[in-house]
């Protein structure tokens, strides 16, 4: 039997999209706990690079009060990479109810905040939390600078803050960070340099994916890397962010934000959602994308060529989501073919 191929994997994004992908990939991490010992391709090192522009909910409140990076997306990634059956993972996701000051806060957010206070270092708090949860991988914020997201809308309005941008109903013309000069961790750049595959998405285009590419050095490092680069297209449009967007429009927005970025593949779900899901999401102003016919290979407006990878990546749940398992298997198969 041929020994497995070991690869370094970097996933960039934020929100539920990134944590969902990580939960699928962790089964293939070669750390002695892999659930897939007979798999032909295993992950030697799994690194998540997480956006830090969230200013809403529990994360926003903790960010404002304690002047720390927003912990929510990082908490979700910690839990996604932990062993699900462990009580600690469920504890980290526990959200306080009631009418007091704890209302709406998750235990994991408070834990990261407390550890930051004890150690004086948010990165150390992530590292210690990773050890507590025995996660299968590493998690880095895209920058440790306290950044805010600023959007210029097509109607000329300037909107500040991720939450306000998501609520806006005018198409986004341009998005930037404030301050614009912010740097990534050296560990992030080294992970990108040594990666065999780099994924972007799935997740909110303007508030989860593009903000990572606005950090100085990250798009340049991705461009230099010899890794296979894959953009994972969303299944649905997002009201207030990508109304009326096709897959092509998503890709063009991504490349407009980071012109030096060169993608090798776009992963697109070709499975149709159910009629009940279609009606439910339509009531919220969201429609499915990815079913339109796209030429193979895909040619961007800048003239670069990108191959398409299509398949039924739907999860079997009421909410329209990628199946973590199906997506992870497709990506590792692609990685094996390129290596």
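Using a Gaussian network model of the chain in which every pair of alpha carbons under 10 angstrom is joined by a spring, one finds that among 246, 119, 51 the greatest mean-square fluctuation is at 119. Taking the DSSP beta bridges with both ends in the chain, the antiparallel portion is around 30 percent. When the Gaussian network model of the chain links Cα atoms closer than 10 Å, the mean-square fluctuations of 299, 266, 289 top out at 299. For the pair residue 2 and residue 84 in one chain, pulling the backbone fully straight at 0.36 nm per residue adds 26.5 nm over the alpha carbon distance. PRE reach from residue 97 (point 7 Å along Cα→Cβ): which of region 46-65 fall under 19 Å by backbone N? Inside the label zone: 58.
Between 213, 87, 177, the GNM of the chain built on Cα springs shorter than 10 angstrom shows 87 fluctuating the most. Taking 7 Å steps out from each Cα toward its Cβ at residue 226 and residue 190 produces label points 1.9 nm apart. Here region 309-339 and region 214-228 have alpha carbon centers that stand 24 Å from each other. Quickly estimate the mean residue ellipticity at 222 nm for the chain, helices only: each DSSP H run with n ≥ 4 gives -39500 (n - 2.57), and the total goes over all residues, rounded to 500. Counting only the DSSP helices, I get -10500 deg cm²/dmol.
For the pair residue 40 and residue 146, label points projected 7 Å from Cα toward Cβ lie 5.1 nm apart.
Here the gap between residue 325 and residue 65, fully extended at 0.36 nm per residue and compared with their Cα-Cα distance, gives a gain of 89.8 nm.
Comparing Cα centroids, region 12-31 and region 246-294 end up 20 angstrom apart.
Quick note: the coordinates plus some simple rules give every number you see, no bench work behind them. All figures in this text were calculated on a predicted structure; none of them were measured in a lab. When we count neighbours, we look across all protein chains shown, and the Cβ atoms used for this are built from the backbone with ideal geometry, even at glycine.
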